[in-house]
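Right, one structure below, let's go through it.
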Amino acid sequence: ISPKSIVQDACASYSTLEKLNERVKPALDDLTRTSDFFSYYRLNLFNKKCPFWDDENGICGNIGCAVETLDNEEDIPEVWRARELSKLEGPLAKHPSKQARKDHPQRPLQGELGEDVGESCVVEYDDECDERDYCVLEDESASSKGDYVSLLRNPERFTGYGGEGSKQVWDAIYRENCFQKSSFSHSADLGMSANYNPAALDFKHVMDAAGRQAQLEAQRLEHPNIPFVSSTGYEVEDECLEKRVFYRVMSGMHASISTHLCWDFLNQTTGEWQPNLQCYKDRLHGYSDRISNLYFNYALLTRAVAKLGPDLVGPEYTFCTGDPTEDLATRVKVSEVAKQAGSTPQIFDESLMFVNGEGPSLKEDFRNRFRNVSRLMDCVGCDKCRLWGKIQTNGYGTALKILFESDNHSNKIPALKRTELVALFNTYARLSASMQAIGKFRQMVEAESGQK
Ligand code: FAD
């Protein structure tokens, strides 16, 4: 990859994004590592069954797959404890309408919340997708069987999860990209899942094509004009922008996960966590398309965060932790990330999507397919991988919502839930860390070849 070449379907070069990341990363690390608001996540990690197939066989029993949940209420910031959340329960705790808030910003609305609870601390009870959601949202309500997780204490890294279980999930994810060929009926009806049996689908062409990947990469370097074939064998170059973007998001997420597991790898001989260069070479180094897709995702999230920026500094979001000093500190940190993300001129142009050709008709399909990918996370048989898989699909889904679901007239971004904000910024932080790790891996490869 030449640093000056433009990342496909984005409007920035590799080196532009790398330079941007040097500014964004410190701010993102500060936000995700030192603020309570962005380092805890509540989700339903253990109680949802895989809606697509019987997942009993794919369960990972490694210690590395385990997630440490916060069972002790004292470890959770006060306003998120069940006791506090239950104060907000019931019809009196309805989120005030936007109009009511605009008309009477000072007046406490009748029955509003528990005392001293900022408005954006309201837990929204409907677990249903808003029609503009790209993900099946995590229900944060006190009554849901959710678990609190400290993201700092459960870092995304090598777990040992693999084999048929993970292969089945990745296959199904890429299968979603196959817009015309998919066997799903995208009626947005969950009932469809009962009929979905990936074992009965023909994945053979996908796997055969994967085997040919190295050969194709070599051909591509020699003949740059031949049609691009993705790592999973789907031809994407001649497809419309929307379908390419869907594929890039999935492949970029996959590449980012691979990067983390190779960077934070358990050396089973010494028991130490350290980078595994061979792992990087096997999964990423020869695959310029995977790396390009990771950079593409970085551009996409940067644009979403930059677009959201002005809303984050306004009164709509209060980052309530129960401590006003910390709330303010969190706001300052989040503003810094948004400022840095917005410091490079537009690096992804969302206005080109869903407009030309078959674009407009694809939007609902695109959203439904994305929701299916988010449901597929319940089929991931490793708790730690499922945790980060859920966070990242929610993060990408939130970015897509920001970019494509703004009000047509006012350009207003839909109000985001806490889980969406936390997922968005943590996913951005994951991509940022992946880009840095890839840079270091590249240096290691160069150093190694210099020694030969
Ligand atoms: P896989 O990574 O499973 O890839 C399967 C096939 O997909 C490859 O053979 C290749 O043809 C194709 N492919 C690979 N990369 C790409 C790409 N970027 N774009 C397009 N196609 C590609 N393991 C951990 O150790 N830690 C984790 O946190 C973790 N999280 C996971 C989260 C999810 C949602 C899933 C499904 C799996 C996760 N795993 C994790 C498992 C990990 O991703 C691999 O599946 C596992 O390490 C086995 O790797 P593999 O070499 O068989 O290839």
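Key figures for this structure:
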read-out	value
Residues of region 367-407 satisfying the condition of being out of contact with any Cys (no Cβ under 7 Å at 6 or more places or on another chain), in a loop (DSSP other than H, G, I, E, B) and not β-branched (V, I, T)	E405, S406, D407
Where P26 falls short, out of the listed (1) surrounded by 15 or more Cβ atoms within 10 Å (Cβ to Cβ); (2) free of Cβ contacts under 8 Å to residues at least 40 places away in the same chain; (3) out of contact with any strand residue (DSSP E or B) (no Cβ under 8 Å at 6 or more places or on another chain)	(1)
Residue check, T302 modelled with pLDDT of 90 or more, within 16 Å of the ligand (Cβ to nearest atom) and not aromatic (F, W, Y)	no
Region 319-366, residues that are of a type in the set (V, I, T) and either part of a helix (DSSP H, G or I) or surrounded by fewer than 19 Cβ atoms within 10 Å (Cβ to Cβ) (or both)	T325, T330, V332, V334, V337, V355
Selected residue (only one of D282, D264, D289 is touching a strand residue (DSSP E or B) at 6+ places or on another chain (Cβ under 8 Å) and within 9 Å of the ligand (Cβ to nearest atom))	D264
Residue selected from region 235-256 under the condition touching a helix residue (DSSP H, G or I) at 6+ places or on another chain (Cβ under 7 Å) and modelled with pLDDT under 90, by the criterion nearest to the ligand (Cβ to nearest atom)	V236
Hits in region 424-450 - residues which are in contact with a Leu (Cβ under 8 Å, 6 or more places away or on another chain) and under 20 Å from F37 (Cα atoms)	L424, F425, N426, T427, Y428, A429, L431, S432
Some residue of region 332-343 being without any contact (Cβ under 8 Å) to a residue 24 or more places away in the chain and more than 16 Å from the ligand (Cβ to nearest atom)	yes
Filter result for the condition that a residue is more than 29 Å from G342 (Cα to Cα) and either surrounded by 14 or more Cβ atoms within 10 Å (Cβ to Cβ) or under 19 Å from the mean Cα position of the chain (by Cα) (or both), over L300, L277, L294	L277
When residues of region 173-195 are limited to those that are modelled with pLDDT under 90 and in contact with a Leu (Cβ under 9 Å, 6 or more places away or on another chain), the one farthest from I63 (Cα to Cα)	F179
Residue list for region 38-55, filter: in contact with a Leu (Cβ under 8 Å, 6 or more places away or on another chain), outside any loop (DSSP other than H, G, I, E, B) and crowded, with 20+ Cβ neighbours inside 10 Å	F38, Y40, Y41, L43
Selection status of G309, within 21 Å of R418 (Cβ to Cβ) and not aromatic (F, W, Y)	yes
Hey, L376 of a type outside the set (S, T, N, Q), within 16 Å of the ligand (Cβ to nearest atom) and buried (at least 22 other Cβ atoms within 10 Å of the Cβ) or not	yes
Subset of region 145-172 (residues that are over 19 Å from I63 (Cα atoms), within 7 Å of the ligand (Cβ to nearest atom) and touching a residue at least 12 places away in the same chain (Cβ under 8 Å))	V169, W170
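The values are calculated or read from the model by the stated rules, or taken from the named source; none is laboratory data. Given the structure is predicted, the values throughout are model-derived calculations rather than measurements. Quick reminder, even Gly has a Cβ in these numbers, built from the backbone with ideal geometry, and neighbours come from all protein chains shown.
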